[in-house]
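Computed from the coordinates by the stated procedures, all read-outs in this text should not be read as laboratory data. Because the structure is predicted, anything quoted here is derived from the model rather than measured. In this analysis, Cβ positions are derived from the backbone assuming ideal geometry, glycine residues included, and neighbour counts consider all displayed protein chains.
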Amino acid sequence: MPSYTGTKLIHLDTVTSTNDYAKALVQNQNVPEGTVVLADQQTQGKGQRGASWVAEKGKNLTFSMVYYPSFIQAQHQFLLNKVVTLGIVYGLKNILPNHGLSIKWPNDVYYEHYKLGGILLENTLEGNYLSSSIIGIGLNVNQTDFNQLPKATSFKLVTNHTHQLKDLLQIIGGEIEDKYFKLKSSLDTQALKDEYEQHLFLKDQWRTLKDGKHNPFKGKIKGVDELGHLMVELAGDGTIQRFGFKEIQFD
Ligand code: BTN
């Protein structure tokens, strides 16, 4: 199994977005799989759903990794979201109290009811398969002030001490790599689904959720289907409804 993490590291002081920088590298030259672009600061960091990702300079992990997952079918690209979110959670289990960690579907890493970080995958396709993926990861590490973001937390807020960013990068990168090569060699998608669901935030709990139009309803998160939709049991008739990325909200 190759060991990528840290061997092809591009460390920048300031960049617009590590995802954009990595994307340009992939377009312009033949960058090896596993290349990591790390930045102390992003001036136009990108979050999910067109949001921006803001982080204090030098205090957090903001990086992107280049992968070429050509064994993954386009319709199954959520497999990669599972690999990456699980890799982060497994890495963090060595550092933070295990019980509080979970994955908030689809892409967030949570500690208890607060967001520690998130991922932004930008995939390119060739025919029915993926050809490249820019795996962007933002984790709140040593920042303690999240004035504008009441749902955010950080490693430092959870543990009360400062963490070495590069050590964390090694640990998380290593775990993601591990999960990626396990999937590539076994194509065991069931194991990945089971693990992802074991770590799913609010799974099997009756909650008030909101649909895409902000209308509340009672439901229980049951799991995720192979296309990455969230499966929710509805109170009342007990049917299972599937939701896409923008069709449901909860915290
Ligand atoms: C989210 O939770 O909304 C996803 C956040 C992803 C942020 C990371 S930071 C490194 C990489 N470069 C970006 O511009 N975005 C991702």
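Quick look at the values:
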item: Near pairs, Cβ below 8 angstrom, 6+ apart or cross-chain, from the range 38-49 (part of a strand (DSSP E or B)) to any residue that is crowded, with 17+ Cβ neighbours inside 10 Å and small (Gly, Ala, Ser); result: Gln41/Ala55; Gln42/Ser17; Gln42/Ala55; Lys46/Ser17; Lys46/Gly136
item: The range 1-37, residues that are assigned to a strand (DSSP E or B), within 13 Å of the ligand (Cβ to nearest atom) and closer than 20 Å to Gln143 by Cα; result: Leu12, Thr14, Val15
item: Pick from the range 41-63, criterion under 14 Å from Leu168 (Cα atoms) and crowded, with 16+ Cβ neighbours inside 10 Å, ranking: nearest to the ligand (Cβ to nearest atom); result: Thr62
item: Single condition Gly87 does not satisfy, out of (1) closer than 23 Å to Lys8 by Cα; (2) under 14 Å from the mean Cα position of the chain (by Cα); (3) within 11 Å of the ligand (Cβ to nearest atom); (4) not hydroxyl-bearing (Ser, Thr, Tyr); result: (3)
item: Residue among Asn128, Asn140 that alone is touching a Ser or Thr at 6+ places or on another chain (Cβ under 9 Å) and more than 10 Å from the ligand (Cβ to nearest atom); result: Asn140
item: Residues within the range 90-113 that are within 12 Å of the ligand (Cβ to nearest atom) and of a type in the set (Ser, Thr, Tyr), tallied; result: 1
item: Selected residue [under 20 Å from Phe63 (Cβ atoms) and exposed (fewer than 12 other Cβ atoms within 10 Å of the Cβ)] from Asp145, Asp167; result: Asp167
item: Test for Leu116: is it of a type in the set (A, V, I, L, M, F, W, C), within 14 Å of the ligand (Cβ to nearest atom) and over 18 Å from Phe181 (Cα atoms); result: yes
item: Residues satisfying the stated conditions in the range 211-239, i.e. touching a Phe, Trp or Tyr at 6+ places or on another chain (Cβ under 7 Å), in contact (Cβ under 8 Å) with a residue 24 or more places away in the chain and surrounded by fewer than 18 Cβ atoms within 10 Å (Cβ to Cβ); result: Asp211, Leu227, Ala235
item: Single residue of Gly138, Gly117, Gly174, Gly91 found to be part of a helix (DSSP H, G or I) and crowded, with 20+ Cβ neighbours inside 10 Å; result: Gly91
